[in-house]
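Have a look at the structure below, then the notes.
The values are calculated or read from the model by the stated rules, or taken from the named source; none is laboratory data. All of these numbers come straight from a predicted model, not from anything done at the bench. Virtual Cβ from ideal backbone geometry, glycine too; neighbours counted across all protein chains shown.
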Amino acid sequence: MATATHIHRYVLTDEDRAIFAKLPSNSKQQYADKVTEWRVGLTEAGQQVNAGCTDSVVEYYSTYQFPYSAYYMNGRVIAQIVAESVSDKQAKIIDIAAGTGLAGIELRKRGFVNIDALEPAHGMIANIPKNTYGKVYEEAIYKYKPTSISNDSYDCATIAAAVGPGHIEEIHIPEIARMVRPGGTIIFDIQEDEVEPQNFGSKLDAKLHSLRETGVFTSIMKHKNMYIYDVEDNIVYTLKVAK
Ligand SMILES: C[S@@+](CC[C@H](N)C(=O)[O-])C[C@H]1O[C@@H](n2cnc3c(N)ncnc32)[C@H](O)[C@@H]1O
């Protein structure tokens, strides 16, 4: 059983730099303000009743206005790490919190052909390019009830740019592990600026550690990546499912 950390896995390409050059100057601040609002809301509520999927989060993404798809990097990074970790291009992949399909598009570019999606915000789903996914589950992952996806349905689960406060939280990881077959892989990222507030990163790590101790995962790998989404770093987790 191992936990390992690797640094600087993803290197920005010229295409990535061109994407950043198009970033509207105020868009990042608008989004940061929204995340702060969700955090405050969750704190004021005292506890996270529907942890990870408030109506506000889904409503926000359903009406997302700015040209989101143009510059979100995380899907590219996640797809790259899937390509390095999963050799079978026929592998069944579930892209969780798929948004407008950015990770799915990048997985297809890398030859994966069997990709489904789970995403609760209808407005995001409406912008997924045709043929990106096989099935799209229009559902959220909730704390207290399982999704409609059967046990062990997938070889791999991806979550790009959606693990963080008010989104997918540590409490949801067992439900994601349930969907992935023994020996399968879960790959997700977390922005470095999400690690500190409300101890999100340490709560996540503690939960992953306890799931490894109880035999849900055999290994937990962390890759730190530079300059994802403008100038921030992110950390990609690769979990091997044991069960
Ligand atoms: C920043 S977007 C990322 C979308 C996409 N993965 C990408 O890389 O572009 C976050 C997404 O998480 C979804 N989301 C938030 N909470 C969720 C939950 N509990 N279950 C499933 N999806 C959730 C939102 O609806 C939104 O589409």
Verdict on Pro146 being at pLDDT 90 or above, over 18 Å from Ile78 (Cβ atoms), more than 9 Å from the ligand (Cβ to nearest atom) and not in a loop (DSSP other than H, G, I, E, B): no
Subset tally (residues that are in contact (Cβ under 8 Å) with a residue 60 or more places away in the chain, among the aliphatic types (A, V, I, L, M) and more than 16 Å from the ligand (Cβ to nearest atom)) for the range 168-223: 2
The correct count of residues that are among the aliphatic types (A, V, I, L, M), in a loop (DSSP other than H, G, I, E, B) and more than 10 Å from the ligand (Cβ to nearest atom) in the range 149-167 is 1
Being in a helix (DSSP H, G or I) and either in contact with a Pro (Cβ under 9 Å, 6 or more places away or on another chain) or within 23 Å of Asp152 (Cβ to Cβ) (or both) is the filter here; which residues of the range 183-208 pass it? Glu194, Pro197, Gln198, Phe200, Lys207, Leu208
Quick check on this structure: which one of Ile105, Ile125, Ile159 is of a type in the set (Val, Ile, Thr) and touching an Asp or Glu at 6+ places or on another chain (Cβ under 7 Å)? Ile125
What do you reckon, is Ile78 at pLDDT below 95, touching a helix residue (DSSP H, G or I) at 6+ places or on another chain (Cβ under 7 Å) and within 9 Å of the ligand (Cβ to nearest atom)? yes
Just to check your reading of the model, which residue among Val236, Val163, Val195 is in contact with a Phe, Trp or Tyr (Cβ under 6 Å, 6 or more places away or on another chain), of a type in the set (A, V, I, L, M) and closer than 26 Å to Thr100 by Cβ? Val163
Flag for Ala117 being closer than 19 Å to Ile176 by Cβ and part of a loop (DSSP other than H, G, I, E, B): no
